[in-house]
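As structure tokens, the structure follows; a few thoughts come after it.
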Amino acid sequence: MYLILPLVVLGIVIAALVDIIGSDQGRIRHLDKTLWLLIVILLPLVGSIVWFAIGRERPQVVDRGSFGDPRRRETPVPLPSSSSTEREIEALEREIRDSENEDRIRRLEAELRARDLEN
């Protein structure tokens, strides 16, 4: 039981040392790589926590595609404003009226043809 805490601290220190040694100099923030190594060696727990908190640059999140339905990743479409909705309704009503007028014209033309055939 008394061995668990020192093993956890040792694991954190080893992880910090391995991370520092394996990191490129460009990915280390605030201090030089050797200074970070000295801090972690001289102040094991505190140095490791500080290293993981502020010493290294956070890795960039890489989009590896979506799993499942791709629509979950899409940005939501903003709702149209009321004025654009009213314009769309007016345009639809105009289209319906035009369609009804074209149907009426076709019927009347058909009636005229039928009358011409009778005479």
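Yes or no: Ile20 in contact with a Leu (Cβ under 6 Å, 6 or more places away or on another chain) and modelled with pLDDT of 90 or more? So Ile20 fits the description; yes. Residues in region 5-39 that are among the polar types (S, T, N, Q) and in a helix (DSSP H, G or I) were compared, and the one that is surrounded by the most Cβ atoms within 10 Å (Cβ to Cβ) is Thr34.
The values are calculated or read from the model by the stated rules, or taken from the named source; none is laboratory data. Everything numeric here is computed off the predicted structure, so don't read it as measured data. For neighbour counting, all protein chains shown are included, and Cβ atoms are generated from backbone atoms with ideal geometry for every residue, glycine included.
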